Amino acid sequence: MFSHVLLNPAFCENNMQRIEIPSSPNPVGSGARALGMGGAFIAIADDATAASWNPGGLIWLDQLEISVVGAAFHRIEDNSFRIYPDADGNQTVSQFNLNYLSAAFPFSFKDFNMVVSLNYQHLYDFTRKWDFSLKESGEEWYHQDVDYRSEGGLSAIGFAYCVQINKRISLGLTFNIWDDGISKNEWEQNTYQWGQGTDGKDKFVEEIRTFDKYTFSGYNFNFGLLWKRVNDSNLTIGAVIKTPFEADMEHEHSFHDISQYYELPSMFDQVSSDSFNENATLDMPLSYGIGFSYRFSDHFTASLDIYRTEWGDFVLTDSNGRETSPVSGKVITESDIDPTHQVRIGGEYLGFEASGYVFPVCFGAFYDPAPAEGSPDDFFGISIGSGITDGKRFTFDVAYQYRFGNDVGGSILKDWKFSQDVSEHTVYSSFIMYFK
């Protein structure tokens, strides 16, 4: 029997539950221009995507804007199982999604400039596909094929508001609604296993199907501040806080196992199944960051963001009140999850002009660690982008981002001495239309 073999990567040793986010788990904003600058956008945030980065920057919109952002990624996971080297190898997945959609409207009220916006943002992606085989020989031997599929994601509908306090300082907030009825907030994991082997006496063939579905709902706020031209300099400072919140999570699980035993001259079948539905809560962590941008000239601006997420406060509470870390699957009192600190730098050059159009070029680099037991997994990345705008009617931007991590993912299957090298290629495209 395969009781010691993988049933679902979302479950680790001793049936302790985990939530694995294959994409970057850190809450970042959207937009090809911003991500082309390495995501160093807290102190830039001067277009409609500001609601996702720093809502305090929305005030710098001077006309109605409608924006849409699409993203396509290709991820390669080079897996190493060590204990089961036959399962080693590359696993790939590709996906396209609507990353962001917004409408922003600036207006004045009692001598105060204000902006309101309605936004949709796709933040977390659970897409993963693994196909591999497991083999073991000796008196007890087996051969097993495993097909694992995960799909779905988490998105938020945001209502943003920004007010200008004085000529240089503005404050903003975004109210985010995470609800499976408004935007699809769910993910599914399916595992199919087929294998054959012997326990040293009887031969058997076994087929296992496991299904898990999760739905997610809750709400939180983004608070932002933007201070332009600090002390009459070319320095801008931005700050953002993304509040923690308790999300309601529904979990649907089913398990079906069919085994055929061959004990010559007789043969018999064994069938086992299990299913349940439970309600749980998921405490999402606090995130906050500070950004700096400096305008060296009318053509060139550089930016730096530093961001912290309190992953130690990421807690899953099941229907029995048991609290575990979704990162490690361990009971929360035994888990050791440190906060992560993102560092992002970027630049934008506006020097290319022709026939009334500007062709900006942006670039960036970032450190984007993922939470893990003991210490975060190190992920790094670079990005580059460009576009075209006339500053009056439209802006179109395209950006490419490469994110990678080596010898990461050990928390997924710790007893298997698992690790992986991850390479992710993402292309973002943004279109903004302006209306007077």
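The table that follows gives values for the structure above.
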| item | result |
| --- | --- |
| Accessible surface, per residue, of the stretch 263-411 when the full set of protein chains is kept, probe 1.4 Å, Å² | 50 |
| Surface share of carbon and sulfur [accessible, 1.4 angstrom probe, percent] for the stretch 187-345 | 52 |
| Simple label model, 7 Å out from Cα along Cβ direction - SER275 to HIS299, nm | 6.6 |
| Whether the stretch 210-279 is rounded, prolate or oblate, judged on the alpha carbon gyration tensor where a/c under 1.5 counts as rounded | prolate |
| R0 of 35 Å, Cβ-Cβ distance PHE394-SER133: FRET efficiency to nearest 0.05 | 0.10 |
| Sites THR198 and ARG308, calculated FRET efficiency, Cβ-Cβ separation with R0 45 Å, nearest 0.05 | 0.30 |
| Cβ-based net charge around VAL163, under 14 Å, with every Lys or Arg adding one and every Asp or Glu removing one | +2 |
| Candidates ASP269, ASP78, ASP336, ranked by Gaussian network fluctuation over the chain, Cα under 10 Å, top entry | ASP269 |
| Among 327-334, 288-295, 43-50, the order from most to least packed when residues are scored by Cβ within 10 Å on average | 43-50, 288-295, 327-334 |
| Estimated inter-spin distance, ASP145 and PHE359, nm [label 7 Å along Cα→Cβ] | 5.1 |
| The stretch 294-336 and the stretch 68-134: distance between their alpha carbon centers, rounded to Å | 17 |
| Modelled FRET efficiency - R0 22 Å, ASP180 with ALA72, Cβ distances, 0.05 increments | 0.35 |
| The stretch 319-415: C-alpha gyration tensor shape, a/c 1.5 cut-off, then a/b vs b/c | prolate |
| For the stretch 54-94, size of Cβ-based charge dipole, Lys and Arg +1, Asp and Glu -1, in debye | 60 |
| Accessible area in the full protein assembly, largest first, 1.4 Å probe, for MET433, MET37 | MET433, MET37 |
| Highest-MSF residue in the chain out of GLY238, GLY356, GLY38 [GNM, Cα springs under 10 Å] | GLY356 |
| Accessible area per residue in Å² at 1.4 Å probe, computed on the stretch 95-140 | 55 |
| Probe 1.4 Å - accessible area at LEU286, Å² to nearest ten | 50 |
| Cross-link partners of LYS242 among lysines (Cα-Cα below 23 Å; sequence separation of 8 or more within a chain) | LYS184, LYS228 |
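The values are calculated or read from the model by the stated rules, or taken from the named source; none is laboratory data. Just so it is clear, the structure is predicted and the values come from calculations on it, not from any experiment. Backbone-built Cβ (ideal geometry, glycine too); neighbour counts: all protein chains shown. These area figures cover heavy atoms from the full protein model, side chains too; ligands, DNA and RNA do not enter into them. Shrake-Rupley method; radii C 1.70, N 1.55, O 1.52, S 1.80 Å.
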